[in-house]
Amino acid sequence: MSRSLFLPRRRQLIKRTIGTAGVLAGAGSIGFPYISRAATRPVITHGIQSGDVGSDHAVIWSRADRASRMHVEVSTTESFKDSTILAPINAQPGNDFVGKRLLTGLSTDQDIFYRIRFTDLHDDKADSETITGHFRTAPSRSRPVRFAWSGDTAGQGWGIDTNRGGMQTYATMLKHNPDFFIHSGDT
């Protein structure tokens, strides 16, 4: 390649690079959304849980990896239309970074959807991922109840057969639409 053909392309590349850098430098004043590094964001360490479910109440809880604030949103629809955002609670070292919330005034035999996320106490823009959960309150009258039970489903790797699509047992239990699920042991 001749030197005269190379120089104009190189000059164009340098001009474009400088121009792009100028645009990006000026873009800081436009107001891009805050992006935090993953290390600054709280991590939900043990998923989210619900329990002690009655006909009009339940307890939900979760645990973060650091001092943070737990935010909870509750709805009777999976789309979270007309949801209720509860006052946040702090998850501190004294309670092992656990946030626990008693939900009261729930309707009987009602599907309840909830979302939990944590915000770092020292950086209110550093949020964990949001995890969604679901439970159904107990009925007020006697009726047949369906439940599923499972225990030690992946004991020493035998419960996971990737040749058959992984842990199909959970999908099968979900298809039966149980009123509740008891999981005893590890996965």
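Checked against (1) under 30 Å from Ile85 (Cβ atoms); (2) surrounded by 12 or more Cβ atoms within 10 Å (Cβ to Cβ); (3) without any contact (Cβ under 8 Å) to a residue 60 or more places away in the chain, Thr169 passes all but condition (1). Would a scan of the range 71-79 turn up a residue that is within 19 Å of Phe180 (Cβ to Cβ) and surrounded by 13 or more Cβ atoms within 10 Å (Cβ to Cβ)? Checked against the condition, which is being within 19 Å of Phe180 (Cβ to Cβ) and surrounded by 13 or more Cβ atoms within 10 Å (Cβ to Cβ), the range 71-79 yields at least one hit.
For the range 126-147, what are the residues that are of a type in the set (Phe, Trp, Tyr) and over 17 Å from Phe80 (Cβ atoms)?
To start, the set of residues in the range 126-147 that are of a type in the set (Phe, Trp, Tyr) comprises 135, 147.
Passing the criteria: only Phe147.
Within the range 73-91, the set of residues being out of contact with any Ser or Thr (no Cβ under 9 Å at 6 or more places or on another chain) and either touching a residue at least 12 places away in the same chain (Cβ under 8 Å) or in a strand (DSSP E or B) (or both) comprises Ile85, Leu86, Ile89.
What strands (runs of 3 or more DSSP E), lying completely within the range 93-187, carry at least 2 residues that are under 25 Å from Ala64 (Cα atoms)?
Numbers: elements: 98-104, 111-120, 131-136, 147-151, 180-184.
The strands (runs of 3 or more DSSP E) meeting that bar are 98-104, 111-120, 131-136, 180-184.
Of the residues Ala138, Ala126, Ala148, the single one that is touching a helix residue (DSSP H, G or I) at 6+ places or on another chain (Cβ under 6 Å) and under 30 Å from Asn90 (Cα atoms) is Ala126.
Every number here is computed from the coordinates shown, using simple stated rules; none is lab data. Note that this is a predicted model, so its numbers are computed, not measured. Please note: Cβ atoms are built from the backbone with ideal geometry, for glycine as well, and neighbour counts cover all protein chains shown.
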